[in-house]
Amino acid sequence: MARLFISHSAANNAAAIALCDWLAEQGFDDVFLEIDPDRGVVAGERWHEALKAAATAARLCSAFSRERGSPPRGVKPSTGPQGF
């Protein structure tokens, strides 16, 4: 599993991808980004379980919040992977 787990809303896809690309350019490519086909959830994989496993195994989690700072409907804010 990756050492860095990046959590983001769909509104921040471009920023999350740019961060992953920049980290890779700096030599750090041990990143889990759910939308990245090489570093995230594989097609057909159970995404909820994959996110929980990746967040739990990561040594560091980074989150991009939505502009308004509120989670999407039905999503409860969490201070760690136990919120999945």
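Taken together, the values in this text are just the output of simple stated rules run on the coordinates, not laboratory data. Remember, it's a predicted structure, so these values are computed and weren't measured experimentally. Positions of Cβ are backbone-derived with ideal geometry, glycine not excepted, and every protein chain shown enters the neighbour counts.
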Legend entry - Amide proton proximity set for ALA63, modelled H, under 5 Å, gap of 5+: SER7
Legend entry - Calculated from backbone phi, Karplus (6.51, -1.76, 1.60) coupling profile of segment 24-34 in Hz, x at Gly/Pro: 5, 4, 7, x, 10, 10, 8, 10, 9, 10, 3
Legend entry - In nm, spacing of pseudo-spin labels at ILE17 and SER62 (7 Å Cα→C-beta vector): 1.7 nm
Legend entry - Alpha carbon Rg of segment 4-67, scaled by the compact-globule rule 2.2 N^0.38 Å: 1.05
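Quote the FRET efficiency, to the nearest 0.05, computed for ALA10 versus ALA53 with a Förster distance R0 of 30 Å and r equal to the Cβ-Cβ distance. Working shown, then result.
On the way: r = 21 Å, r/R0 = 0.70.
Plugging the Cβ-Cβ distance into 1/(1 + (r/R0)^6) gives 0.90.
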Legend entry - Placed amide H near PHE32: partners under 5 Å, 5+ positions off or other chain: LEU4, PHE5, ILE6
Legend entry - For segment 4-67, size of Cβ-based charge dipole, Lys and Arg +1, Asp and Glu -1, in debye: 280 debye
Legend entry - Most to least packed among 47-54, 22-29, 35-42 [average Cβ atoms within 10 Å]: 47-54, 35-42, 22-29
